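A.B. asks: Below is the structure I would like to discuss, written out as structure tokens.
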Amino acid sequence: MKHRVLAFLFCLIAGQAAAQGFAGLGTTAATGFATPQSPARFAFPTDHGPHPDFRIEWWYLTASLTGPDGTAYGAQWTLFRSALSPDDAQGWQATQLWMGHAGLTTPTTHASAERLARGGIGQAGVTAQPFAAWIDDWSMTSRVTGNADMLDRLQVTARGDSFAYDLSLTATGPLIFHGQSGYSVKSAQGQASYYYSQPFYRLTGTITLNGADIPVTGTAWLDREWSSQPLSDTQDGWDWVSLQFDDGSRLMGFSLRDRAAAPFTAATWITPDGQSQSFRDGALRMTPLTHSRVAGREIPTRWRIELPDRGLDITASAINPQSWMDVSIPYWEGPLQLTGTHHGRGYLEMTGYR
Amino acid sequence: MIGTALLTLGSHWRRHPGQLAMLVLGLALATALWSGVQAINTQARAAYAQAAATLGQDRLDRLQRHDGRPVPLADYIALRRAGYAVSPVISGELRADAARIRLLGIDPLTAPPEANIPGLQDDGLDLTEFFAAPGVLIMSAETAGAPLPPNMPPIRIRDGLPPGAALTDIGTAARLLGQTDPSYLLVAPNQPAYLPPLATATNLLRLAPEHRADPAQLTDSFHLNLTAFGLLAFAVGLFIVHAAIGLAFEQRRATIRTLRALGLPLRSLLIAFGLELAALGLVSGVAGLILGYAIAAALMPGVAGTLRGLYGADLPGTLSFDPAWAGAALAMTLAGTTIAAAQAIGRTARLPILATARPEAWGQASARLMRQQAVLALLLLATASGLGLWGDTLIAGFAAVACLFLGAALLLPATLAGLLRWLQGRAQNPLAEWLLADTRQQLPGLSLALMALLLALSANIGVSTMVGSFRATFVGWLDQRLVAELYVTVPTPDDGTRLHEFLHDRTDAILPVVWVDTTLAGRPGALYGQADHETFRAHWPLIAAQADAWNRLAAGEGVLINEQLARFADLSVGALVPIGPVLRLPILGIYSDYGNPQAQAIVTLDRFSALHPDIIPTRFALRIAPDKAADLASQLRDEFGLPADAVINQSQIKRFSLGVFEQTFRITGALNLLTLGVAGFALLTGLLTLADMRLAQLAPVWALGQTRARLAAMELGRSVILGALTFALALPVGLALAWMLLAVINVQAFGWRLPLHVFPADVLRLLGLALLAAAVAAAAPAWRLARISPNRLLKVFAHET
């Protein structure tokens, strides 16, 4: 049962999973839903909240953590929204469905958890003012006072069968808008989404693993993205990275694998002071170096990532190659160690590998 | 050689097709009733198991409110927001006239995997459709075929759903039922790590599957009753078969002797007999299966109605075919054939080859055999009494009934012989004396058939006495218990307060009814709070009470408990009854509470509020002049926007309860008639068996000047006399059975004891039926006698010389 529901949900959460070829639901143009328009115009804090007239949306946080003994950890907190129809009915009649994923990675273990909820009854949802995103007891709540952006200070908690975490995030830079001021093109055919990030978090907090609390510090990256039909028919998976270099600069890059053509790539270079530069298709190159056997599939867990325009040529290695999100429709999501022209930490997400 | 023997033996059936038909029919009837009842039971058990497994209800704990009302949505959300894996269900019944459907609204997003929700796993169901309005209802083909309320969402047919129920999204159920709050919450067995125990996070009642009323358990006794009926019918059917096979053996004595004399080894002869019986058993078994299936199919709607009414257990109204059932029934037929034929086969094996082929009445029991039987019978009856008086399990109850039946049957020939001898001594003329003597002479040949008749008649008397007693008691009890004119249920506690104000000067009394599910003496039950009012004091039926029980109850000194609790927990007045984990109160009185399978206790309203301050009454009993009840009911519906079934007139409840009751025993009536029919047929068989052999006795009477018509009339008369005498014996046996059913089996099965009422009209009607059955059974042999050629009667004398 659950598997079916999730397959269905995932179909709607196209960026994640239409890629995996579910009945073309995610790639079929949805009727009645709004579609992203260029130029993008954002209004905050409203746009931190949900957009029920768009089909899919997510609040996606990845964090690179370090323990007191220097051990590298990774944490993920994601809330997906998926609309059955473009309205915001309340109560049991709500047509907005919610899915939460949480992951906690160590160099040797990876734990994941999943929560599902319907909207309209308070079990899950997002409010913009004050900002809060939650599903069951998992939450991402703004601690901002005054006039700062709602996302500047966040408290993030989640809990799985064998792990939990509680993280305090503080942004040290501005929001970053990808593509054309937040209008992010996803294919040569013009599929697009609204996409912005807060990549400047410093964090402190506690992770709990098998009953033991471990204090951690680190950095985090929040992605906000919504659309109604982000992938083209022939795109069947993606590789996405968010990288934080030791010199304070950052890179977001993705490569959408295409059955019929070369991968469609895009990248955003972010300077330590918060300036950003978007790169069109082809500027970023992502090349698999080593594959690992993960959950019965061959998955690239060491990559060469090049952005010649910025003199970037690095090797990104998974801290734990088995960072498998064992949720109903599984994918790979885990922390990276970066070496080469630039050093640092990052996060990698890969979908659509069979 | 066996082939030749088979052909030779088989030729008998060609010459006596009637006998063959009798044998086949007897076996078929025995199989039919037994297998029919088994089919019903099997189907019912499967339905219970299916219903229990729906939504993993046989495995998952539930959270619900103590008063059984819906769980506030906010409470559900609070539990989820605290991290607990609970999943809401909105369930309820939609009715429109005769159409009804039970909706089971689930939230597939939070339902634990153990819920094992049927119907959604397969392909071809668009989940968008399932979630979004108008939604879909998933149900079995049978449910979809029955009348449904109007304006239902699209229907998808899936196997594996209980009858009368539809699975749907909780949103769809919420919309159709007009209910926002979950009826209850399912608790996932695996809760997330690092959470405090669920019990500390909520004051909802957590019920494990074994503590919920389980239809399989509740209906056990009902099915045991059916099984007993089936076995009785099977036994009666075997009497027929025994008679037919015995007759065939007697008539084939000469053939058997000739075959043996011609050199057929005994082994081969016995194999030939075995093959013949197996073939007959198989043919009759199959015929019986078909017949049994037809009987079960005809009874099924009644059974389904009964179980729904009595226990709220939903059964499909139609029957499905189960090969295991058919196999078991066939095996039972073959085993039965073997038992019935054992005597005949044994005699064949011992038959001296050179003995004269003299037909003698089979089963010519000697006086010694009759005495032995009588002794055994008395032993059995003593055992029955012992079990009835001191046995304290359901099985002991049924064993007592079995001993009673067997003992009575074995005692029958000796008793009948005694009665006939006594009558003979008082006969006024030689013809009557001859008739009685001749009847007595025939007893051994007819005794098995008469035993069958005795069993059928006493079962009939016993069961109809029980039903009648139940009805009489139940109606009186309903009058006492449902004394208030109106019963009102409002949706919220606030409405309850408002209702009080509204009714203040419109009624004579407003009596709140509050209850909480709790444990009573360690078993699941309900504690009620009741206002101290003349309504209860004057009308409540207490079967045992302390002096001044009502005043002491009003003073909060103790509790009243229902008969079920008293019997199950072996509590008597004055004892302390544990209520919930800590409270213990003395028992002031015990009241009868028919039809309720659960333990129950009553305290005063004040005491109840002190124990459960959170429970605010939303159900009320109203006293008002009966002629104003209907007006007030409609005022209440208008004023509070209540659905029709929230305001109930007591006459409606009574009508409903009695309807349920009538339905319950309709099936018993049908089975009664069937067993009586089978017994009548057994008698016919016995009489036919004797008819030909009796010419030697009749010929002299004919020669003395009695016409054949007169002789035929006397044949009828004799059968009727035997029927009447058997009935006279069946009467005490039947009443003893009724007593056992009411005082032993009912108490064990349901926890209540009923007073015994005898209904002379019913008994007289049954006497008429018994005489009719005897007359009908004798009609064919009598008719043949009336038309017999005088030549054959003369031949009797010719052969004598």
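Listed here are the residues, each with its yes/no results for (1) at pLDDT below 80; (2) in a loop (DSSP other than H, G, I, E, B); (3) of a type outside the set (K, R); (4) surrounded by fewer than 16 Cβ atoms within 10 Å (Cβ to Cβ).
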| residue | (1), (2), (3), (4) |
| --- | --- |
| B:W752 | yes, yes, yes, no |
| B:P755 | yes, yes, yes, yes |
| B:A774 | no, no, yes, no |
| B:A778 | no, no, yes, no |
| B:W783 | no, no, yes, yes |
| B:L794 | no, no, yes, yes |
| B:H799 | yes, no, yes, yes |
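A.B. asks: Among the residues of segment B:1-50, count how many are among the hydroxyl-bearing types (S, T, Y), at pLDDT 80 or above and surrounded by 20 or more Cβ atoms within 10 Å (Cβ to Cβ).
C.D. replies: 2
A.B. asks: Every residue in segment A:31-65 that is more than 20 Å from the chain's Cα centre (by Cα) and in a strand (DSSP E or B), please.
C.D. replies: none
A.B. asks: Looking at the structure I just gave you, is B:G407 surrounded by fewer than 20 Cβ atoms within 10 Å (Cβ to Cβ), on the phi < 0 side of the Ramachandran plot, at pLDDT 75 or above and over 21 Å from the mean Cα position of the chain (by Cα)?
C.D. replies: no
A.B. asks: I would also like to ask the following. Restricting attention to segment B:757-772, which residues are in contact with a helix residue (DSSP H, G or I) (Cβ under 6 Å, 6 or more places away or on another chain), touching a residue at least 60 places away in the same chain (Cβ under 8 Å) and in a helix (DSSP H, G or I)?
C.D. replies: Listed by number, the residues that qualify are B:D762, B:L766, B:A770.
A.B. asks: How many residues are free of Cβ contacts under 8 Å to residues at least 40 places away in the same chain and touching a strand residue (DSSP E or B) at 6+ places or on another chain (Cβ under 7 Å) when one looks only at segment B:131-155?
C.D. replies: Number satisfying all stated conditions: 8.
A.B. asks: Continuing with the same structure: Here are B:S469, B:S464, B:S458: which of them is surrounded by 18 or more Cβ atoms within 10 Å (Cβ to Cβ) and closer than 19 Å to B:V720 by Cα?
C.D. replies: Selected residue: B:S458, the only one of B:S469, B:S464, B:S458 that is surrounded by 18 or more Cβ atoms within 10 Å (Cβ to Cβ) and closer than 19 Å to B:V720 by Cα.
A.B. asks: Inside segment A:88-117, can you point out the residues that are β-branched (V, I, T) and crowded, with 22+ Cβ neighbours inside 10 Å?
C.D. replies: A:T105
A.B. asks: For segment A:237-354, list the strands (runs of 3 or more DSSP E) that sit wholly inside it and hold at least 1 residues that are touching a residue at least 60 places away in the same chain (Cβ under 8 Å), surrounded by 14 or more Cβ atoms within 10 Å (Cβ to Cβ) and not aromatic (F, W, Y); which are they?
C.D. replies: Values: elements: A:250-258, A:264-270, A:276-279, A:285-294, A:297-307, A:312-318, A:331-340, A:344-350.
Result: A:250-258, A:264-270, A:276-279, A:297-307, A:312-318, A:331-340, A:344-350.
A.B. asks: Any idea which residue in segment B:221-243 is surrounded by the most Cβ atoms within 10 Å (Cβ to Cβ), counting only those that are at pLDDT below 70 and within 24 Å of B:R14 (Cβ to Cβ)?
C.D. replies: Checking each candidate, the answer is B:A243.
A.B. asks: Go through segment B:154-204 and give me each residue that's more than 8 Å from every other protein chain (Cβ to nearest Cβ), of a type in the set (G, A, S) and touching an Asp or Glu at 6+ places or on another chain (Cβ under 9 Å).
C.D. replies: Of everything in segment B:154-204, those that are more than 8 Å from every other protein chain (Cβ to nearest Cβ), of a type in the set (G, A, S) and touching an Asp or Glu at 6+ places or on another chain (Cβ under 9 Å) turn out to be B:G164, B:A165, B:A188.
A.B. asks: Right, next: Here is a list: A:D149, A:D239, A:D161. Which entry is over 23 Å from A:M325 (Cβ atoms) and either modelled with pLDDT under 95 or of a type in the set (A, V, I, L, M) (or both)?
C.D. replies: A:D149
A.B. asks: Among the residues of segment A:212-249, what is the count of those that are of a type in the set (V, I, T) and within 14 Å of the chain's Cα centre (by Cα)? Reasoning before the result, please.
C.D. replies: Restricting attention to segment A:212-249, the residues satisfying the condition of being of a type in the set (V, I, T) are A:214, A:216-217, A:219, A:234, A:241.
The next check asks that each one be within 14 Å of the chain's Cα centre (by Cα); those that pass are A:241.
Here the count works out to 1.
A.B. asks: Evaluate segment B:763-776: report whether one residue or more is within 30 Å of B:A569 (Cβ to Cβ) and under 24 Å from the mean Cα position of the chain (by Cα).
C.D. replies: Looking through segment B:763-776, none of the residues is within 30 Å of B:A569 (Cβ to Cβ) and under 24 Å from the mean Cα position of the chain (by Cα).
A.B. asks: For segment A:167-211: of the residues being within 14 Å of chain B (Cβ to nearest Cβ) and touching a residue at least 12 places away in the same chain (Cβ under 8 Å), which is surrounded by the most Cβ atoms within 10 Å (Cβ to Cβ)?
C.D. replies: Here the residue is A:I207.
A.B. asks: Further question: Step by step: first the residues of segment A:119-141, then only those that are of a type in the set (G, A, S) and crowded, with 23+ Cβ neighbours inside 10 Å, then the one that is farthest from the other protein chains (Cβ to nearest Cβ). Which residue is that?
C.D. replies: Going through the qualifying residues, I end up with A:A133.
A.B. asks: Mind counting the residues in segment A:88-106 that are more than 8 Å from chain B (Cβ to nearest Cβ) and assigned to a strand (DSSP E or B)? Reasoning before the result, please.
C.D. replies: So the first thing to find is which residues in segment A:88-106 are more than 8 Å from chain B (Cβ to nearest Cβ), and the list is A:88-90, A:96, A:98-106.
Add one more test, that the residue is assigned to a strand (DSSP E or B), and what stays is A:96, A:98-105.
Residues that pass the stated criteria total 9.
A.B. asks: I've got another one for you. Among the residues of segment B:562-589, which ones are within 22 Å of B:T393 (Cα to Cα) and aliphatic (A, V, I, L, M)?
C.D. replies: Filtering segment B:562-589 for residues within 22 Å of B:T393 (Cα to Cα) gives B:562-572.
Once the filter is applied, which keeps residues that are within 22 Å of B:T393 (Cα to Cα) and aliphatic (A, V, I, L, M), segment B:562-589 yields B:L565, B:A566, B:A569, B:L571.
A.B. asks: Moving on to the next point. Return the residues of segment B:555-582 that are of a type in the set (G, A, S) and either farther than 17 Å from B:G529 by Cα or buried (at least 18 other Cβ atoms within 10 Å of the Cβ) (or both); say none if nothing qualifies.
C.D. replies: B:G558, B:A566, B:A569, B:S572, B:G574, B:A575
A.B. asks: Moving on to the next point. Hey, could you check segment A:150-166 for residues that are more than 17 Å from the chain's Cα centre (by Cα) and more than 14 Å from every other protein chain (Cβ to nearest Cβ) and say which is surrounded by the fewest Cβ atoms within 10 Å (Cβ to Cβ)?
C.D. replies: Residue satisfying both the conditions and the ranking: A:Q155.
A.B. asks: Among the numbered criteria (1) out of contact with any Gly (no Cβ under 6 Å at 6 or more places or on another chain); (2) buried (at least 23 other Cβ atoms within 10 Å of the Cβ); (3) at the interface with chain B (Cβ under 10 Å from one of its Cβ atoms), which single criterion is violated by A:S85?
C.D. replies: In the conditions (1) out of contact with any Gly (no Cβ under 6 Å at 6 or more places or on another chain); (2) buried (at least 23 other Cβ atoms within 10 Å of the Cβ); (3) at the interface with chain B (Cβ under 10 Å from one of its Cβ atoms), A:S85 misses (2) alone.
Conditions tested, residue by residue: (1) surrounded by fewer than 17 Cβ atoms within 10 Å (Cβ to Cβ); (2) closer than 22 Å to B:T535 by Cβ; (3) out of contact with any helix residue (DSSP H, G or I) (no Cβ under 9 Å at 6 or more places or on another chain); (4) among the polar types (S, T, N, Q).
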| position | (1), (2), (3), (4) |
| --- | --- |
| B:T618 | no, yes, no, yes |
| B:D627 | yes, yes, yes, no |
| B:A630 | yes, yes, yes, no |
| B:A633 | no, yes, yes, no |
| B:G641 | yes, no, yes, no |
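A.B. asks: Where residues in segment A:107-118 are of a type outside the set (A, V, I, L, M, F, W, C) and part of a strand (DSSP E or B), which of them is farthest from the other protein chains (Cβ to nearest Cβ)?
C.D. replies: A:H110
The values are calculated or read from the model by the stated rules, or taken from the named source; none is laboratory data. None of the values given here were measured: they were computed from a predicted structure. Cβ coordinates were reconstructed from backbone atoms using ideal geometry, including for glycine residues, and neighbour counts include every protein chain displayed.
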